[in-house]
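Scroll down for the structure; my scribbles are underneath it.
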């Protein structure tokens with residue numbers, strides 16, 4: 001155990017949060033900054049809460065080097081609601097929404113867009129059970145006018161991640177970064193819209209971060225439901241209606257923690273170290289563990305692998321559970337095992353898992 | 001102060017939470033029931049979290065005596081998203097959505113419905129600045145087929161509340177109960193849909209409770225965005241995508257607390273006692289304080305009143321602030337003062353406010 005009673009949490013989301021963040025939240029839960037109130041009891045229009053919101057936006061801007069051309073929003077409904085909001089706002093009747101399929105979440109995004117407009121699958125690795133990310137050259141756009149190009153930057157279920165992003169002149173790139181935002185440095189200016197449910201790398205569930213190029217707002221059609229119109233939330237600084245105030249507060253603490261770790265650059269180095277521990281253990285196992293993803297598409301957030309037989313998988317998961325590892329069962333759609341090693345999962349947890357993997361392989365070869 | 005450093009919180013929402021609830025949440029924030037994880041770090045598909053969700057549903061069912069004909073959902077987006085989801089799901093092209101206007105929130109609900117179908121205002125007290133609730137006889141439905149009849153059960157800004165609900169044979173009654181759910185006993189079977197943002201009487205912001213008559217599901221048209229279709233959430237027990245897990249946990253604790261107080265009947269008696277303290281102080285003031293609402297429409301949740309001059313209002317709010325009262329300024333649309341005295345506001349806070357109101361009136365007549 002990392003500290004007394006602390007689980008080795010490899011949950012896919014909601015997932016591990018930094019212990020110092022939880023401890024600070026605990027400390028000030030009943031009395032936030034001497035207001036005599038919990039942060040949950042503050043009015044969302046109070047000075048105290050506005051400070052929390054502003055601080056979260058400023059810290060995220062600093063960490064991701066977000067340019068002035070973009071606006072940060074804190075919304076509700078998760079990535080799943082973004083799947084619909086994106087085509088509602090940015091897919092005109094004469095345009096095609098271009099989707100790259102790299103896993104179940106891309107498929108869900110496409111399914112929602114299809115209900116609302118014309119779409120095209122411009123690259124897909126579905127036929128090989130999403131073991132890899134398409135090569136950038138394989139992303140071929142149709143001749144029709146494109147509304148946007150949509151990708152899923154990291155695929156939690158299959159354990160794959162884009163190494164480099166497509167960049168096509170004149171085409172708005174939209175990315176679902178729910179499972180890898182802030183795991184590494186990116187150039188935000190290349191994206192017209194980034195969205196991410198908070199419950200993996202940002203905080204608790206119930207907050208969705210959207211980073212939106214303001215130019216896009218011009219494209220929003222009239223008559224949309226107010227809550228589903230991005231302009232509503234830009235105009236009101238995410239305070240059109242009552243936002244999930246506690247979630248935004250937790251997110252602001254997680255961002256502070258990332259800054260204290262040395263920012264995204266330092267987190268990225270740590271993430272590579274963590275992922276390497278597990279991938280190396282698999283390599284050492286001489287085929288006992290088989291990674292689901294091809295080497296060049298491997299994720300540093302979700303490490304997916306299979307064992308030689310279902311019986312061994314069951315035994316592995318059972319013993320892991322007894323040793324205090326949580327959340328290692330693979331998603332039901334591909335089976336096997338998965339270790340989600342988001343930013344807040346400590347190096348020590350990955351070290352412990354690698355040791356366990358080595359021991360289990362040696363004992364069961 | 002009620003306890004050391006505890007503010008007298010009269011915020012309109014987010015608002016006061018029961019102190020024992022906050023203390024319990026604080027105690028188990030880092031290590032939930034010996035899992036070695038925070039409740040925020042649990043998978044939403046784990047046994048531990050499913051127990052939280054089930055417990056919340058069972059306790060709410062017990063407290064409100066919810067019949068088997070109805071389903072409880074925990075959604076995101078607040079009442080504001082319900083304003084759109086209701087007509088999307090339950091207003092067919094040949095039907096009219098009937099709205100009673102009793103304040104700003106009713107107006108917003110109507111505005112969103114207008115974007116999506118035909119509507120009619122079937123009663124309104126707008127002309128008298130929403131000082132009262134229409135008489136039940138004044139609710140006159142048009143001859144067209146009615147999709148539903150929509151009311152706002154309590155009006156936070158104007159301080160009015162329905163004493164009795166309209167009940168029209170064959171017409172589905174839908175109520176926004178964001179600001180008074182669980183403040184008193186109601187007959188849930190008379191409603192086809194009840195919805196409530198949690199941040200007033202139920203818990204923190206970021207969770208929306210929907211109590212839905214299952215028969216209504218038959219009326220949902222095809223092709224709706226998955227997240228905006230009530231059936232999605234009924235079928236998946238509110239776990240279609242990651243729900244706001246911490247919010248649902250807090251809500252379950254608040255429901256436990258209501259039960260410990262003696263249930264809704266006991267809470268209702270306490271709420272009448274609290275409201276009476278403030279209304280009686282106004283009566284004693286011989287016109288120094290003027291309630292905004294007419295006597296028969298007065299809310300037991302939001303007590304709104306004005307003082308003789310703007311200068312006195314400013315002085316009242318300033319002195320109140322110095323004495324530790326929070327959130328007493330009236331909404332900008334009607335000015336004056338407002339004390340929101342939701343379930344979790346203790347009797348002692350209302351007693352202290354009544355004393356202060358008496359003293360201020362005596363000193364400034």
>> Please pick out the residue among B:266, B:361, B:339, B:349 that is over 19 Å from residue B:200 (Cα atoms) and in contact with a helix residue (DSSP H, G or I) (Cβ under 9 Å, 6 or more places away or on another chain).
In response: B:361
> Looking at the stretch B:302-318, which of its residues are part of a strand (DSSP E or B) and surrounded by fewer than 23 Cβ atoms within 10 Å (Cβ to Cβ)?
Replying inline: B:306
> Which members of the stretch B:96-121 meet the condition of being more than 14 Å from every other protein chain (Cβ to nearest Cβ) and surrounded by fewer than 18 Cβ atoms within 10 Å (Cβ to Cβ)?
Replying inline: B:120, B:121
> Quick one: which of B:56, B:16 is within 22 Å of the chain's Cα centre (by Cα), outside the structural domain of residue B:267 (by TED's automatic domain parsing) and not in a helix (DSSP H, G or I)?
Replying inline: B:16
> Does residue A:278 satisfy the criteria of being within 14 Å of chain B (Cβ to nearest Cβ) and either crowded, with 17+ Cβ neighbours inside 10 Å or over 30 Å from residue A:351 (Cα atoms) (or both)?
Replying inline: no
>> Just to be sure before I move on: is residue B:79 buried (at least 16 other Cβ atoms within 10 Å of the Cβ), at pLDDT 95 or above and part of a strand (DSSP E or B) in the structure I sent?
In response: no
> Can you name every residue in the stretch A:319-342 that is in a loop (DSSP other than H, G, I, E, B) and within 23 Å of residue A:131 (Cα to Cα)?
Replying inline: A:327, A:328, A:330, A:331, A:332, A:333, A:334, A:335, A:336, A:341, A:342
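Filter the stretch A:286-340 down to the residues that are out of contact with any strand residue (DSSP E or B) (no Cβ under 6 Å at 6 or more places or on another chain) and closer than 23 Å to residue A:162 by Cβ and list them by number.
The initial filter retains those residues of the stretch A:286-340 that are out of contact with any strand residue (DSSP E or B) (no Cβ under 6 Å at 6 or more places or on another chain), namely A:286-288, A:294-296, A:298, A:300, A:307-316, A:318-323, A:327, A:329, A:331-335.
Once the filter is applied, which keeps residues that are out of contact with any strand residue (DSSP E or B) (no Cβ under 6 Å at 6 or more places or on another chain) and closer than 23 Å to residue A:162 by Cβ, the stretch A:286-340 yields A:294, A:295, A:296, A:298, A:300, A:331, A:333, A:334.
From the list B:256, B:310, pick out the single residue that is touching a helix residue (DSSP H, G or I) at 6+ places or on another chain (Cβ under 7 Å) and away from chain A (no Cβ under 14 Å).
Result of the check over B:256, B:310: B:256.
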>> Can you tell me which residue is surrounded by the most Cβ atoms within 10 Å (Cβ to Cβ) among those in the stretch A:193-208 that are within 14 Å of chain B (Cβ to nearest Cβ) and under 20 Å from residue A:87 (Cα atoms)?
In response: A:197
> Scanning the stretch B:22-79 for residues that are in contact (Cβ under 8 Å) with a residue 24 or more places away in the chain and within 8 Å of chain A (Cβ to nearest Cβ), which turns out farthest from residue B:175 (Cα to Cα)?
Replying inline: B:42
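The values are calculated or read from the model by the stated rules, or taken from the named source; none is laboratory data. All values reported here derive from a predicted model rather than from experimental measurement. Note that we place each Cβ from the backbone using ideal geometry, even for glycine, and neighbour counts take in every protein chain shown.
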